[in-house]
Amino acid sequence: MTYTYHITGMTCNGCRSHVEKQLRDISGISHATVNLEKAEAIIEMQTPISLKELQASIASKYKITTKTKAAEKKVSSSNTTVINNTEKTSIQQLYPLFLILSYITVAAVLLNRKTGDVSGFMLDFMGLFYIVFSFFKILGLQGFPDSFKMYDPLAKVIPAYGWIYPFIETALGLCFLMRFEITTALITTIIILGITTIGVAKTLLDKKTIQCACLGTVLKLPMTKATIIENTIMLVMAFWMLSSYYLDR
């Protein structure tokens, strides 16, 4: 007998694997497959197992419910309504990202308000950007690597890269804020963000629905064009600063 259930609380591929393993370990279940994007589990049972028993067998932060035909019909009842609700939800989900970028911009402006130094503003913006974003990644470090490798090409090939990436961002942030080894930091920024941007672009072109790990797994942000814009801003600043440095010499 095969049953389909809806599961909430999963934020990354690590969560998916964890839930899948817990379900497969339940006596009476012959096979279980969990889909992160659809937030569902397809379970093959030898004998019927109650929803209560399934819930008790997985971590409390995950909630499992029966996926009824009525619920599916309600979701697809109106194409226009679904599209509008999705757009609204995406904007609401991206609100933390826009808020953080606004605070970073204001802080960078205030730090350079007396001198009006554009280069100083860019260095402070990039430094604060890295420090703040790495903070959220480290805060949810356990789940970050799995989420990151879903779209970053290098993290897919070298899993360890996902674990050290937040600390690379911290180091780059300190370099920009302390004006230390700026050229090296700029080149590194172009390389790592360039790789990530390629992965993000491919994910969007493939129309995959996954979570963006730019703010770690603590804040659930969808992968959208905003991620491309966010990376592009940093890349443009890095290229501009690097070209200015060599022109001044």
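The values are calculated or read from the model by the stated rules, or taken from the named source; none is laboratory data. Since the structure is predicted, the reported quantities are computational estimates derived from the model, not experimental observations. With ideal geometry, Cβ positions are generated from the backbone for all residues, glycine too; neighbour counts draw on all protein chains shown. To get the accessible areas, we keep the full protein, side chains included, count just its heavy atoms, and leave off ligands, DNA and RNA. Shrake-Rupley method; radii C 1.70, N 1.55, O 1.52, S 1.80 Å.
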Requested in this report: Can you send over the carbon and sulfur percentage of the accessible area for region 91-216, probe radius 1.4 Å, protein chains only?
Outcome: 72
Report task. Using θ = phi - 60° and the Karplus relation 6.51 cos²θ - 1.76 cosθ + 1.60, list the HN-Hα couplings for region 190-199 in order, rounded to whole Hz, with x at every Gly or Pro. Result -> 4, 5, 6, 6, x, 4, 4, 5, 4, x
Query - 3J(HN,Hα) from dihedral phi, region 3-15, Karplus parametrisation 6.51/-1.76/1.60, rounded to Hz, x for glycine, proline - result: 10, 10, 10, 9, 10, 10, x, 7, 10, 7, 5, x, 4
Query raised in the report: Projected area of region 114-162, taken from the Cα convex hull and averaged over every viewing direction, in nm²?
Result: 4.4
Query raised in the report: Per residue, what accessible area does region 88-175 have, given a 1.4 Å probe and all protein chains present, in Å²?
Result: 50
**Report entry** Accessible surface, region 10-63, averaged per residue in Å² (probe 1.4 Å)
**Finding:** 53
Query raised in the report: Which of the chymotrypsin sites (Phe, Trp or Tyr not before Pro) found in region 111-200 are loop residues per DSSP with 16 or fewer other Cβ atoms within 10 Å of their Cβ?
Result: Phe180
Report task. Rounded to whole Hz and in sequence order, give me ³J(HN,Hα) for region 103-114 from the Karplus expression 6.51 cos²θ - 1.76 cosθ + 1.60, θ = phi - 60°, writing x for Gly and Pro. Result -> 5, 5, 4, 4, 4, 5, 5, 5, 5, 10, 5, 7
Query raised in the report: Could you name the lysines in cross-link range of Lys67, using Cα to Cα under 26 Å and dropping any fewer than eight places away on the same chain?
Result: Lys21, Lys38, Lys52, Lys88, Lys207, Lys208, Lys220
